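Below: one structure, written as structure tokens.
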Amino acid sequence: STTIVLACCLGCGCSADRLPIPTPPSPASWTLVWSDEFGSPDGSAPDPSKWTFDTGGKGWGNTELECYTNRLQNAQINGGNLVITAQQENPPFVCSDGSTNSYTSARLKTQGLFSQAYGRFEARIKVSAGQGMWPAFWMLGKDITTAGWPTCGEIDIMENIGKEPGTVHGSLHGPSTTTRTSDATSIFTLPAGQAFADDFHLFAVEWEPGAVRFYVDSNLYATFSESQWPAGGTWVFDHPFFIILNLAVGGNWPGSPDSTTVFPEHLLVDYVRVYTRQ
């Protein structure tokens with residue numbers, strides 16, 4: 001979510017000495033420790049004991065076009081879902097940081113309220129559709145305020161861009177001494193003609209010391225390990241991370257909305273659940 005996803009042999013299985021992918025553990029081996037089922041009355045704000053907001057509109061390092069707000073117009077509970085809404089604004093919206101933006105949306109996070117190292121992190125999500133849209137379910141290291149990015153580490157559980165309706169990306173980003181970041185990424189693609197915006201899907205990672213596994217529904221599609229981390233990079237996935245849900249508009253990776261993009265656009269989240277090993 002903070003960098004353009006880079007192709008990597010780690011994610012694509014093209015390494016000749018790739019280690020065998022571990023068999024995913026039984027769900028019975030996990031204990032639920034944190035969740036939001038988004039069951040508040042329609043029109044409610046997200047639970048402030050679980051979520052806070054990032055606000056501002058100066059591009060977020062990716063030349064994004066939206067202003068993130070904490071308004072109900074951009075994030076509220078409806079029908080048992082968290083609904084993040086990206087709106088086109090006319091006249092342009094003056095954001096909290098003084099920027100002026102043609103779009104508004106929301107970026108929710110558990111920073112300062114909940115973080116955890118290791119476990120299973122999952123969310124059932126119906127993504128937005130449309131050119132220029134960039135929904136994401138991801139995590140940043142709790143130490144970002146002191147270590148900064150990318151030293152804090154980033155786990156992108158699910159990213160989608162509107163021009164790839166049937167594909168999601170799962171990635172890790174960390175620091176490197178030889179490149180801007182050290183990265184591992186992979187994709188999961190639905191059968192031809194299907195789009196993630198058509199229905200809800202379960203996106204998850206299972207994270208343990210030295211390894212992170214990525215899932216769509218029941219499909220394990222990538223495993224990234226410390227032993228295979230790129231040369232020059234540092235494996236920083238060994239401390240608590242917090243959760244982020246957001247719907248970006250535009251940016252370097254998805255490109256800008258065009259005449260085919262129909263606003264308002266919506267990201268629906270049925271639930272977010274976090275588990276630890278029993």
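Readers should treat all values here as calculations from the given coordinates under stated rules, not as data from a laboratory. From a predicted model like this one, the values you see are computed outputs, not experimental measurements. Quick reminder, even Gly has a Cβ in these numbers, built from the backbone with ideal geometry, and neighbours come from all protein chains shown.
Descriptive notes on the structure:
- Cα-based reach from K50 at 17 Å (exclusive), listing lysines while leaving out same-chain residues under 8 positions away: K109, K142
- Selection from T167, V236, A123 lying farthest towards where the dipole of the chain points positive, charges on Cβ: V236
- FRET efficiency, 1/(1 + (r/R0)^6) with R0 30 Å, evaluated for E164 and T31 via beta carbons: 0.30
- Karplus-derived 3J(HN,Hα) values for the stretch 35-46, using 6.51 cos²θ - 1.76 cosθ + 1.60 with θ = phi - 60°, are 7, 9, 8, 6, x, 5, x, 4, x, 6, 6, x Hz; glycine and proline are entered as x.
- Of the trypsin sites (Lys or Arg not before Pro) found in the stretch 102-180, those that fall in a DSSP loop while having at most 11 other beta-carbon atoms within 10 Å are R180.
- Annotation: extensible slack from L72 through D270 equals 69.5 nm (criterion: 0.36 nm per residue apart, minus Cα-Cα distance).
- Rotationally averaged projected area of the stretch 53-199 (alpha carbon convex hull; nm²): 10.6 nm²
- DSSP beta bridge pairing in the stretch 30-277, given as percent antiparallel to the nearest 5: 95 percent
- Cut-off 9 Å between beta-carbons: net charge of the residues surrounding T104, Lys and Arg +1, Asp and Glu -1: -1
- Residues within the reach of a label modelled at K58 (point 7 angstrom out along Cα to beta-carbon, backbone nitrogen below 20 Å), restricted to the stretch 114-148, are 144-148.
- Residue-averaged 222 nm ellipticity for the chain, from DSSP H runs of 4+ at -39500 (n - 2.57), nearest 500: -500 deg cm²/dmol
- Taking amide hydrogens as placed 1.01 Å from N in the peptide plane, the amide H of I243 sits under 5 Å from those of T110, Q111, each at least 5 positions away in sequence or on another chain.
- Note, ³J(HN,Hα) from phi for the stretch 232-237, Karplus 6.51, -1.76, 1.60, rounded to Hz, x at Gly and Pro: x, x, 10, 6, 10, 9
- The distance linking the stretch 111-130 with the stretch 200-260 is 10 Å (Cα centroid to Cα centroid, whole angstrom).
- Per-selection Rg to Rh, the stretch 30-277 - Cα, Kirkwood hydrodynamic radius: 0.94
- Taking label points 7 Å from Cα along the Cα-to-Cβ direction, D217 and F263 give a separation of 3.3 nm.
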